[in-house]
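The values are calculated or read from the model by the stated rules, or taken from the named source; none is laboratory data. These figures come from a predicted structure and were not determined experimentally. Counting neighbours? That spans all protein chains shown, and the Cβs are built from the backbone with ideal geometry, glycine included.
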Amino acid sequence: MRPSGAIVERPLKKKIPPSFSKKKVIVIAGPTAIGKTNISLSIAQAIGGEIISADSCQVYRGMDIGTAKVSSIDRALIAHHMIDICDIEEIFNVASFEKCAKKALVDIFSRENVPIIVGGSGFYIRTLLYGPPMGPPSDKAVREKIEAQIEELGPEFFYERLQFLDPIYAATISAHDRQKIVRAFEIMTLSTRKVSDFPKPESLEEPEYDFRCWFLFSSRELLYPKIEERCEEIIQKGFLDEVRKLDQQGIRKNPSASQAIGYRQALEYLDSPQTEADFKEFKTKFKKATRHFAKRQFTWFRKEPMFRWLDISKFTPDQLKEVILQDFEQG
C-alpha cells in the first residue's frame with residue numbers, strides 16, 4: 001500500500017496531452033546523499049536501463065572520491081554515460097552536457113534500452129528537459145574579459161554586484177557558482193538586460209520524449225546526518241590525496257572543477273599550513289557547503305513542475321523502486 005502523503009504531485013502548469021508513441025525516459029533527481037545511485041541501479045537492473053549521469057563533475061577523470069562516483073563494478077554491470085569523458089583541464093558546461101546527453105539518449109534507444117537520467121544538477125537537468133536558457137550567444141572576447149576581472153577581484157565581489165544589478169537571478173545561485181556568475185555578466189554586457197528579464201520555458205509544448213521525473217527527498221533532520229556521514233566517508237577514502245593529484249594535473253585552471261563542493265575546501269586546506277586546526281576547519285567547511293548545496297537543490301526543484309516528490313523515509317527501497325516502475329509501465 002502506498003504510504004499516505006509520501007508522494008507530492010507537481011502537475012505541469014500547462015497540461016500536455018499524453019502520447020503513447022513517445023519513448024519514456026526516467027529522471028531521478030534529489031539532494032546529495034539521498035540515495036539516487038542505489039535506486040537507479042536497482043531500476044536499471046529491473047528494466048534493462050542505462051544510466052546518464054547529470055552531475056557537473058563526474059564527467060572529469062580523476063574526480064572520483066569527492067563526487068561519490070559510481071564504482072567500476074557497478075559500471076560493468078550497468079552501462080553508464082557522461083562519466084569520465086573529460087580531462088581535468090577541459091571546460092565542460094551546460095551546453096556540452098545537453099549535446100552529449102541527447103546523443104546518449106539516441107544511443108540507448110537504438111539498443112531498445114531505457115534511459116535513466118540520474119543526478120542533482122538542476123541546471124543540467126532543466127536544460128535537457130526544456131532546452132537551453134534564453135539569452136545571447138556566448139562571445140569569447142567578452143567572456144575572457146569577465147573571467148580576467150573575476151580572477152583579479154574574486155567571484156564574491158562580482159556576486160555582490162549581481163545581487164545589486166539582478167537580485168532575482170542572484171537569489172537562484174551562490175557566490176561560488178563562478179560559471180553562472182560569468183555567464184550572467186556576459187548576458188548583461190551583450191544584451192544590456194538583466195538575466196531575469198529573459199523568459200524561461202515553463203512547459204514542454206511538444207516534448208521529444210515522455211520524461212517521468214522524480215525528486216527523492218527526506219526531512220532535513222534525516223538528510224543532514226547522512227550528508228555529514230557522506231563527507232566523513234569521502235575524507236576517509238583518501239579524498240585529500242585525490243585533490244593533491246588533481247592539483248598537479250591543473251585543476252585550479254578549471255573554474256568549474258576547482259570550485260566544486262569539497263574540492264574548493266580541500267584546495268584551501270592544501271594552501272594552509274595543514275595543522276590539526278586547519279584540518280578541522282576544512283571538514284567543517286566541507287560539511288557546511290554540502291548542506292547548503294542540498295538546500296539549494298530543494299529550492300531549485302520546487303520550481304520544477306514536471307517532478308513528483310518521493311519521501312524516501314516513507315518507503316522501503318523495494319517500494320521506491322515499485323512506485324517508479326509502476327508509473328513507467330502504466331504511465
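Across the range 203-220, not a single residue is classified as within 30 Å of Val142 (Cβ to Cβ), modelled with pLDDT under 90 and exposed (fewer than 15 other Cβ atoms within 10 Å of the Cβ). For the range 87-117, a residue qualifies if it is hydrophobic (A, V, I, L, M, F, W, C) and not in a helix (DSSP H, G or I), and the qualifying residues are Ile88, Ile91, Phe92, Val114, Ile116, Ile117. Among residues that are loosely packed, with under 15 Cβ neighbours inside 10 Å, within 24 Å of Val59 (Cβ to Cβ) and outside the structural domain of Gln149 (by TED's automatic domain parsing), Lys245 is included. Residues in the range 93-148 that are modelled with pLDDT of 90 or more and among the acidic types (Asp, Glu): Glu98, Asp107, Glu112. If the condition is being more than 18 Å from the chain's Cα centre (by Cα) and surrounded by fewer than 19 Cβ atoms within 10 Å (Cβ to Cβ), then the range 289-320 contributes Asp311, Ser313, Lys314, Thr316, Pro317, Asp318, Gln319.
Any chance the range 271-285 includes a residue that's over 29 Å from Lys102 (Cα atoms) and in contact with a strand residue (DSSP E or B) (Cβ under 9 Å, 6 or more places away or on another chain)? No: the range 271-285 contains no residue that is over 29 Å from Lys102 (Cα atoms) and in contact with a strand residue (DSSP E or B) (Cβ under 9 Å, 6 or more places away or on another chain). Just checking, how many residues over the range 130-145 are aliphatic (A, V, I, L, M), over 13 Å from Val182 (Cα atoms) and out of contact with any Phe, Trp or Tyr (no Cβ under 6 Å at 6 or more places or on another chain)? Residues meeting the conditions: 0. Quick check on the range 45-58. Is at least one of its residues crowded, with 21+ Cβ neighbours inside 10 Å, closer than 30 Å to Lys314 by Cα and among the hydroxyl-bearing types (Ser, Thr, Tyr)? Within the range 45-58, one or more residues are crowded, with 21+ Cβ neighbours inside 10 Å, closer than 30 Å to Lys314 by Cα and among the hydroxyl-bearing types (Ser, Thr, Tyr). Within the range 35-91, the set of residues being of a type in the set (Asp, Glu) and farther than 29 Å from Glu322 by Cβ comprises Asp64, Asp84, Asp87, Glu89, Glu90. Can we say Leu325 is closer than 17 Å to Ala33 by Cβ and in contact (Cβ under 8 Å) with a residue 60 or more places away in the chain? Answer is no for this residue. Considering only the range 18-30, state which residues are assigned to a loop (DSSP other than H, G, I, E, B) and either β-branched (Val, Ile, Thr) or at pLDDT 95 or above (or both). Correct list: Gly30 only.
Remark: Ile125 falls outside the filter, which requires a residue to be in the same structural domain as Pro317 (by TED's automatic domain parsing), assigned to a strand (DSSP E or B) and either β-branched (Val, Ile, Thr) or closer than 30 Å to Ala79 by Cβ (or both).
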